[in-house]
Structures are given as C-alpha cells and as structure tokens.
Amino acid sequence: MLKFLGSEFKKIYSLLSQVSLLTTAHALIGFLGFLINLLAARELGPEKFGIFSIAYATVTYLASFGELGIGATMIRFYNKYQDDKEMQNRVLGASLLFVSFIALTFVLFSPVLSNLFVEFFGLGSALKSVFMLSIFSGSFFILWMYLQAFLQAHRQFKKLAFFLFTYSFLRCITLAIIYFKLPESIIGWLIASYTLPIFFILFLVIFKSLRILSETFQDFGKTLRTLRDILNYSKWLALSSIAGSGLLYLPRLILAKVSSTEEVGIFSAGVNFAMALTILTSGVGNAIYPQVTAFNKEQIKKYLNLLKKVIIFYILLSIVAIALLGLFLWIALGEKYLRSLPVYFVVSFSLMISLALYFISILIHTFMKPEVIAYTMICGLIAVSILSYILGSLWQALGVGIAYGLVIIGIQIALVYKVFEIYKKGDIIYK
C-alpha cells in the first residue's frame, strides 16, 4: 500500500498514528450515540422515539446555534498567531468569555424558549419539560465544544482523548441505569445521553476555565477588540454551522408537521444507522483539521494527489459497511422499523459520496474563505426545507430522506468546485 500511495501517505499515516487515541475516542463517541439511538428506538417505539430524536437533535443544534463557530475560528486564529503567545492567550480567553455568556443566557431563558418551541411546532405542552432539558443540555454542550477546540488548538490530542473517553465512560454508566430502570422515559434517555456526562466533564475543568476568564479582564479593551475580530470571522462559520446542523434538524420538524412523530421515528432510525458510517471519518476529520488549515500550496498538491489514490479503498469499504449495517438494522429493530430501510439506503449512499468530497472541500478553511461555506450551507438549508415539505408530504419519511441526500451531495459538489477554482487562480491566504 505504501508503494502505491507514495511517501505522502507515510507522513499522514504518521500523523494519524500520533492521534490514534483521539480518532478512537471520536469513533467511540459516535458508536455510543448510535447505540443510544438504537436502544431508545427499541424501547420507546416509533412515536415516542420520534419525540426523543427531535429532543436529542435539539441539544446539538442549539449548541451549534449558540457556539457560533467560535471553536473552529479559535483554532484558525491560534494558528495565525503562532509566533505571538500573548495574542494566542487573548484569543482563547475572548472565545471562552463569549461562549460562557451565550450558555448562561440559554440556561436562564430555557423555560421560555421551551414553551415557545412546543407551541410553535404543535408538539403539546406536556413535552415542555423535555425540551427545557434539551435547551439546558445544549448550553452545557456549547462549553463542551469549547473545551474540545481549546485542546485541539494546543494540539493536546492525548489530553483531548482522555476527556472524550471519560465522556464515553460516563455515558455508558448513565445509559445502563436508564436502560434497566427507566427504559420508557424520554427525559431519562436525554439525561443519559448528554446532561449528566457533560456536566461532570465541565466540573473537572471549572478552575482552569475561571483562571482563563479572569485573565480576559486584565486588559478588557484588548479582549473586546480580539473578540470583535473573532466574531467577524466566525460569523461565516456560525452561519455554516447553524445551516449545516439544520440540514438534519429542520427536516425532522417539517416531517412532524406534515406527517407525524411516528414518521419522524421511522426517518430517525434510518438516519441513525446511516450516520454510523461517519464514525471513523469524523474522527479522522477532527484530527487532520488543524493540520490542513496550515497547509501551503505544495502541501495541498500532495494532499490532493493522496486523496485520488485512497478513494477506491474508501468506496469499497463503504459499500461493504452499508450492506452490513442495513442487515443489522433489519435484525436489531424488527418489523416495526422495516420502513426505515429505504431511508437508510438513500441516506447512507448519499453520505458515502458527500464524505468523500468533504476531504477536498475542507481546504476552504485553508484558503480562509468561510463565507463560501456559509452561502452554500444557507442555500442547502433552504433547499432541504422546501424539498422536505414537498417530498415529505408525498412519501413521508422516505421523501425527507431523499431530500436530505440530494442536498448534502449538492453542497459538497459546490464546495469542491469552489476549492479548485480558488486553487487554480492562486488566490490563496495561508496565514
């Protein structure tokens, strides 16, 4: 394989081996997320699982909405000021100050926001407590995302892996308790998935966080100016993140509106199995992101040549994985989720294509063109909303799966086209 792929593969393999713990930790988190949804689907049934899947997705969507792309921006600016330690510390402090303010705001307004949410989407006032817990957990998740970005910026991959493994361990404990004691409680599954594990992780780092926050007030004027620069860049990443997270979140809400929460459960079960395909690639993506954003033109060329060589292995492995996971879905969830299989195959093959293209489109960050991602994602969100409404009304869960699949492929094709356009023109900013 080394002879076929070339020396550049050896360098990247060396990098991945250095962060193998991190890749494994991300894979474990992805697997546990998959397992939680699998067990919840079996215990709750399609209708209650549909409600849980909306509440579960609300946590991460709210976190993406509130975090506003600060984590990725912080990593990019930390690389930018690699020769200025004082500036790097100010970037970290200003970022933490902002996300802490947003998280606290969500916590304080969680009762009001949850009431508005269930009323607007017609989910019933009885579910207010479920979505208040989602908002509360989403606030914790914002700070959890900051912690991960902080460690990525410092390239402390082993320490990050430690926190990710701890998070996974806590999830396993709470998951076991809920599974055996409260298997039919939506709130119980939500607490096990996010609330308690993240709260404990944040408790471990509270003193470090307070020290960083205290330093931001020593020269508050400079901190605010730094925060202004961060937000000026992150506004594009925020739009990208909000729109990108909404690609799966809004279709669920639209499906609940045009059909039923049972159809949401059918759709979510298929999507959950399809998303298992992203477990390894997301870990690799998180590991190489800090490296890719610092590439020069020659490194980009070698990186693209390497991708051409590994694509065939990726496709073959993906096809085998899709077939095996489809069989597992049928066996694990049984007849009541049989209609999830078409959704699964449509979404999984769409993900296979879009994930392959993602490792090229990630170079947009190297070129510092976040506005390109933002505009593309916003267009994608509008498209998936319209298509989900139309196709969901016609074919319910399968229609929404087709809408999602078409849009994610279209987004990546557009981004890859822009990457090569910028690369050929040579209009590139590396620092």
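Points to keep in mind about this one:
- Among residues of segment 230-245, those that are open to solvent by less than 60 Å² (accessible area, probe 1.4 Å) and under 17 Å from Lys80 (Cα atoms), counted: 5
- The residues of segment 54-92 that are open to solvent by less than 10 Å² (accessible area, probe 1.4 Å) and not in a helix (DSSP H, G or I) amount to a single one, Gly69.
- Failed criterion for Ser209 (all others in (1) at pLDDT below 85; (2) of a type in the set (Gly, Ala, Ser); (3) surrounded by 18 or more Cβ atoms within 10 Å (Cβ to Cβ) hold): (3)
- For the condition among the hydrophobic types (A, V, I, L, M, F, W, C) and open to solvent by 60 Å² or more (accessible area, probe 1.4 Å), Leu306 does not qualify.
- Residue within segment 330-349 that is open to solvent by 10 Å² or more (accessible area, probe 1.4 Å), in a helix (DSSP H, G or I) and farther than 26 Å from Ala41 by Cα present: no
- Candidates Leu28, Leu104, filtered to the one that is in a helix (DSSP H, G or I) and at pLDDT below 90: Leu28
- Boolean, Gly392 is crowded, with 21+ Cβ neighbours inside 10 Å and free of Cβ contacts under 8 Å to residues at least 60 places away in the same chain: no
- Residue match in segment 43-50 (condition: of a type in the set (Lys, Arg), surrounded by fewer than 21 Cβ atoms within 10 Å (Cβ to Cβ) and at pLDDT 85 or above): yes
- All positions within segment 136-183 that are polar (S, T, N, Q), free of Cβ contacts under 8 Å to residues at least 40 places away in the same chain and either in a helix (DSSP H, G or I) or in contact with a Leu (Cβ under 6 Å, 6 or more places away or on another chain) (or both): Thr166, Thr174
- Note on segment 117-135: among residues that are over 22 Å from Tyr194 (Cα atoms) and either under 25 Å from the mean Cα position of the chain (by Cα) or not polar (S, T, N, Q) (or both), the one that is surrounded by the fewest Cβ atoms within 10 Å (Cβ to Cβ) is Gly122.
The values are calculated or read from the model by the stated rules, or taken from the named source; none is laboratory data. The structure displayed is predicted, hence computed values, not measured ones. Cβ coordinates were reconstructed from backbone atoms using ideal geometry, including for glycine residues, and neighbour counts include every protein chain displayed. Calculation scope for accessible area: heavy atoms of the full protein, side chains included, ligands and nucleic acids excluded. Shrake-Rupley method; radii C 1.70, N 1.55, O 1.52, S 1.80 Å.
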